[in-house]
Amino acid sequence: ELGGCGGVLRNDKDSIIASFSYPLQVICSNLAELLAIKTALEVFTKTDWFDKVNLIIKSDSANAVQWVNDPSSKPWVYWDVREFIDRLIMEIGEVRFTFAYREINCLADAMAKAGIDRHCLFFACW
C-alpha cells in the first residue's frame, strides 16, 4: 500500500525554513514517522540554514519523538533507521524534537498527504 511522507522544518523562531514530501511503501506509521524525521534531517543538511539556526522537528508521533529524544528507548526493529538518524544528529549538532498534534501541524500533514501522489522527493527551502 502506498503512503506519503512529508514534513516542514522550522527554526527556533518557529519560521518555516524548508519542506518536503515523497511517496513511500507504508509498512507502519511508526516507521513512516521515523523516515520523515530522517528525511527532515537530511534535507536540513542540504540547506543554507545548516550551521546557522537551531533546528526544531515537530512530529505527530509520540513514539518517534520519544525514540529520538531517548536513544535507549529505540526499538530493535528500527535500529538501522535510528542509527542513521543518530549520525545525522551528531553531524548537525543541536536538534530539538517535539510532539505536535496533527491538527496543529497542518502543513506537515498536508505535505505527507501530497507525497502519496508524487513520484519522487519534493523539496523546497527558503
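Just give me the residues in segment 43-67 being open to solvent by 50 Å² or more (accessible area, probe 1.4 Å) and at negative phi, in sequence order.
Scanning segment 43-67 gives LYS46, ASP48, TRP49, LYS52, ASN54, LYS58, ALA62, ASN63, GLN66.
The rows are residues; the columns are (1) in contact with a Lys or Arg (Cβ under 9 Å, 6 or more places away or on another chain); (2) hydroxyl-bearing (Ser, Thr, Tyr).
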| residue | (1), (2) |
| --- | --- |
| THR45 | no, yes |
| ILE56 | yes, no |
| PRO75 | yes, no |
| TRP79 | no, no |
| PHE84 | yes, no |
| ALA100 | yes, no |
| PHE122 | no, no |
| CYS125 | yes, no |
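Pull up segment 68-84, narrow it to residues that are within 17 Å of PHE99 (Cα to Cα) and touching a Phe, Trp or Tyr at 6+ places or on another chain (Cβ under 9 Å), then point me to the one that is surrounded by the fewest Cβ atoms within 10 Å (Cβ to Cβ). If you could, list the steps in order and put the result at the bottom.
Step one: filter segment 68-84 for residues within 17 Å of PHE99 (Cα to Cα), giving 68-71, 73-74.
Filter once more, keeping what is touching a Phe, Trp or Tyr at 6+ places or on another chain (Cβ under 9 Å): 68-69, 73-74.
Details: VAL68: 25, ASN69: 13, SER73: 11, LYS74: 19.
My answer is SER73.
Filtered by the rule that a residue be of a type in the set (Phe, Trp, Tyr) and open to solvent by 20 Å² or more (accessible area, probe 1.4 Å), segment 1-33 gives a lone residue, TYR22. Listed by first and then second residue, the pairs with beta-carbon distance under 8 Å, at least 6 apart or on different chains, first residue in segment 89-111 and in contact (Cβ under 8 Å) with a residue 60 or more places away in the chain and closer than 17 Å to GLY6 by Cβ, second among the aliphatic types (A, V, I, L, M) and open to solvent by 30 Å² or more (accessible area, probe 1.4 Å), are LEU107/ILE16. Candidates are the residues of segment 66-77 that are touching a residue at least 24 places away in the same chain (Cβ under 8 Å) and over 16 Å from CYS28 (Cβ atoms); the one that is farthest from the chain's Cα centre (by Cα) is ASN69. Residue pairs whose Cβ atoms lie under 9 Å apart, separated by 6 or more positions or on different chains, with the first residue in segment 48-65 and free of Cβ contacts under 8 Å to residues at least 40 places away in the same chain and the second polar (S, T, N, Q) and in a loop (DSSP other than H, G, I, E, B), are LYS52/ASN11.
Count of segment 94-111 residues, restricted to those that are open to solvent by less than 90 Å² (accessible area, probe 1.4 Å) and at pLDDT below 90, is 6.
Each residue in segment 14-60 was checked for being basic (Lys, Arg) and within 17 Å of ILE104 (Cβ to Cβ), and 1 of them qualify.
The values are calculated or read from the model by the stated rules, or taken from the named source; none is laboratory data. Everything quoted here is computed from the prediction, not taken from an experiment. Cβ coordinates were reconstructed from backbone atoms using ideal geometry, including for glycine residues, and neighbour counts include every protein chain displayed. Please note that ligands, DNA and RNA were not included when accessible areas were found on the heavy atoms of the full protein model with its side chains. Shrake-Rupley method; radii C 1.70, N 1.55, O 1.52, S 1.80 Å.
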